[in-house]
Amino acid sequence: LPTPIPWSLTQPVTPDLLVSPSSQDGDLGSECPEDRGNWTGRLDFLLSCIGYCVGLGNVWRFPYRAYTNGGGAFLVPYFIMLAICGIPIFFMELSLGQFSSLGPLAVWKISPLFKGVGMGTILIVSLVAIYYNMIIAYVLFYLFASLTSDLPWQHCGNWWNTDLCLDHHVIKAGNNTLPVNISNTVSPSEEYWSRYVLHIQGSSGIGDPGRIRWNLCLCLLLSWTIVYLCILKGVKSSGKVVYFTATFPYLILVMLLIRGVTLEGAWKGIQFYLTPQFDHLLSSKVWIEAALQIFYSLGVGFGGLLTFASYNTFHQNIYRDTFIVTLGNAITSILAGFAIFSVLGYMSQELGVPVNQVAKAGPGLAFVVYPQAMTMLPLSPFWSFLFFFMLLTLGLDSQFAFMETIVTAVTDEFPYYLRPKKASFSAVICIALFLMGLILTTEGGMYWLVLLDDYSAGFGLMVVVITTCLVVTRVYGMKRFCRDIHMMLGFKPGPYFRACWMILSPATMMALLVYNIVKYQPSEYGNYRFPTWAEVLGILMGVLSCLMIPMGMVVAVLQEEGTLWERVQQASRPAMDWGPSLEENRTGVYVASLAGSQSPKPLMVHMRKYGGITSYENTAIEVDHEMEEDDEEESM
């Protein structure tokens, strides 16, 4: 009888180098950091990016910016700025994240001298995450308040109302027999927001926060709990939640749009929103506003895009995804404008005032004007609930991205200690940010929220994006960066992307930065002007994120050896282990540069494993040839 072959010998043997650290047994596994993980489904990444980019700003900032900057004519600078600094920087961030599979701090292995840029990003994102979740808490408050048969901001006569309160239902019932002067009156929804929800009359200003509003505090706790539960398992859990939070707002938006355009007077609002005033295009302010809208709406510079892309497989087609997300985001903004302005047109007809008197931006639109418009509709609690549920889903997936960015950045820096404890570490971050946000739940909390909103992600964020752009194209090198993308996607970026990265995007960002500094205006909330110390505090918030860059440089230079210039040169070169995270994707200059690398030719292992050469191996061979030719040219 033939001797039976042991079962273990019949199994295909995977070369050691292809086994991920987390799947190895014995001592070696304990020395390697736990696996980072990847998206579990093909659409996870795309929907997460859409959810991250399509946020509250699309609903409450874009429509207002459009109508104040030339209506339909605003779309011209909007799409030009999208092409110049939106799409190229978006693609650059995704490429950096996917190529290295690293978060916004560790990705600076590309040039350790500039690691401070990553630290600046984390500071900005942390400040934004604190106040963004407070806005979600306000949305939750209104969501629960909508679960009644009569909306609480529908009529005057409540304990929080003043003598100035004027109920539009009363005007309608009176058939306008008496001329009513509404210029010195306040709507019930405005008093509900300022006097009941915020209870702002309990605070004399930013230096006197007053007592904590416990109902707002509980809403903030609930919003942090929801965010924590959704990011508990990193992208594996948040990647599934976005299937709902990124798609459901579109369903509600379409419902609100259909309801809006069928209202009497809706056309008046839409006309107001879209009538092109081409003379506005001669003003530099309109172009700057368009660039700002693109900049904040796409969320470039916050590290969210880089973080999401770092969980992709190495050959994911991010080129296609870039155009889907950026154009989808622009179309959503325009659609939201129709939904908002059709209702504002109806409201202006009901109140008998021009549309520009009811149109507002920011929290004023979401928590005052739109809720007031809802009270004029039949089934008002139902429409109110839908509107705030849409805002909740829009806000949550942007918040997931901010939290994922912070957690990923720190765990990638300390993978041995933090990756196995990622859930506990996420909890610590959420609790810390919740405690820091408690001041926003006080009676004067709105003043602090305005301060954070105005300064946390202002010029600091622009400095971060400009520096990133310049480091990648000038220090790391455009040729090298394009070669990395070729390795990853199988083709090099065309002249459009190269021209934008080299000149157009940084130049536009510089113009934005200069404009922001020259046209600086102190913060205000309604008629309240912020004191000087609050302004200084705000400016320091922005300056601190910029100061991270020189601080990081000092640390990087001190870690090198030699003269000062030699140290600077060494620190600006990519780290030894910079490149694709998996050995099988490392070709050319990246071969065998990983710690513990067991093979100088991962390509050969790849060919043995898959029994042939795929299109990506072809690309790898091409890139290798190119590099050899470049080296020969340099040596000659």
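The values are calculated or read from the model by the stated rules, or taken from the named source; none is laboratory data. If you're wondering where the values come from, they're calculated on a predicted model, not measured in any experiment. Neighbour counts run over all protein chains shown; Cβ positions are idealised from the backbone, glycine included. These accessible areas exclude ligands, DNA and RNA; they are computed on the full protein's heavy atoms, side chains included. Shrake-Rupley method; radii C 1.70, N 1.55, O 1.52, S 1.80 Å.
Structure notes:
- Within the chain: Cβ-based charge dipole about Cα centre, in debye rounded to nearest 20 (Lys, Arg +1; Asp, Glu -1): 1200 debye
- Estimated inter-spin distance, Phe244 and Thr532, nm [label 7 Å along Cα→Cβ]: 5.2 nm
- Surrounding net charge for Leu512, when Lys and Arg each add one and Asp and Glu each subtract one, Cβ distance under 15 Å: +2
- Per principal axis, descending, Cα span of the chain in whole Å: 103, 66, 46
- Modelled spin labels at Gln277 and Leu147, positioned 7 Å past Cα toward Cβ, are 4.4 nm from each other.
- Exposure ranking of Lys422, Lys240, Lys360 by accessible area [1.4 Å probe, largest first]: Lys240, Lys360, Lys422
- Extension gain from Ile258 to Asn38, taking 0.36 nm per residue of separation minus the Cα-Cα distance: 75.3 nm
- For the range 436-504, the solvent-accessible area works out to 31 Å² per residue, with a probe of 1.4 Å and every protein chain left in place.
- Taking label points 7 Å from Cα along the Cα-to-Cβ direction, Trp159 and Phe389 give a separation of 3.1 nm.
- The heavy atoms of Phe389 present about 50 square angstrom of accessible area, all protein chains included, probe 1.4 Å.
- Accessible surface ranking that places the most exposed of Val589, Val543 first, with a 1.4 angstrom probe: Val589, Val543
- Rounded to the nearest whole Hz, the Karplus-based 3J(HN,Hα) values (6.51 cos²θ - 1.76 cosθ + 1.60, θ = phi - 60°) of the range 234-244 follow the sequence x, 5, 5, 8, 5, x, 8, 4, 5, 4, 8, with x at glycine and proline.
- Rounded percent of accessible protein surface that carbon and sulfur make up, the chain, 1.4 Å probe: 64 percent
- Between 0 and 90°, nearest 10: helix 532-558 axis offset from the chain longest Cα axis: 0 degrees
- Between the amide H of Val186 and those of Cys165, Leu166, distances stay under 5 Å, these residues lying 5 or more places away or on another chain, with hydrogens modeled in the peptide plane.
- Less than 5 angstrom separates the built amide H of Arg213 from those of Thr442, Glu443, all sequence-distant by 5 or more or on a different chain.
- For Glu350, the accessible area of its heavy atoms, probed at 1.4 Å with every protein chain present, is near 50 square angstrom.
- Three-way shape call for the range 411-547 based on the alpha-carbon gyration tensor, with the a/c threshold at 1.5: oblate
- Taken per residue, the accessible surface of the range 33-150 reaches 24 Å², heavy atoms only and a 1.4 Å probe.
- Rounded to 10°, Cα long-axis angle of helix 478-489 versus longest principal axis of the chain: 90 degrees
- Once the chain from Arg480 to Ala83 is taken as fully extended at 0.36 nm per residue, the excess over their C-alpha distance is 140.6 nm.
- Measuring r between the beta carbons of Lys236 and Leu435 and using R0 = 25 Å, the FRET efficiency lands at 0.35.
- Selection from Thr245, Phe272, Gly234 lying farthest towards where the dipole of the range 210-316 points positive, charges on Cβ: Gly234
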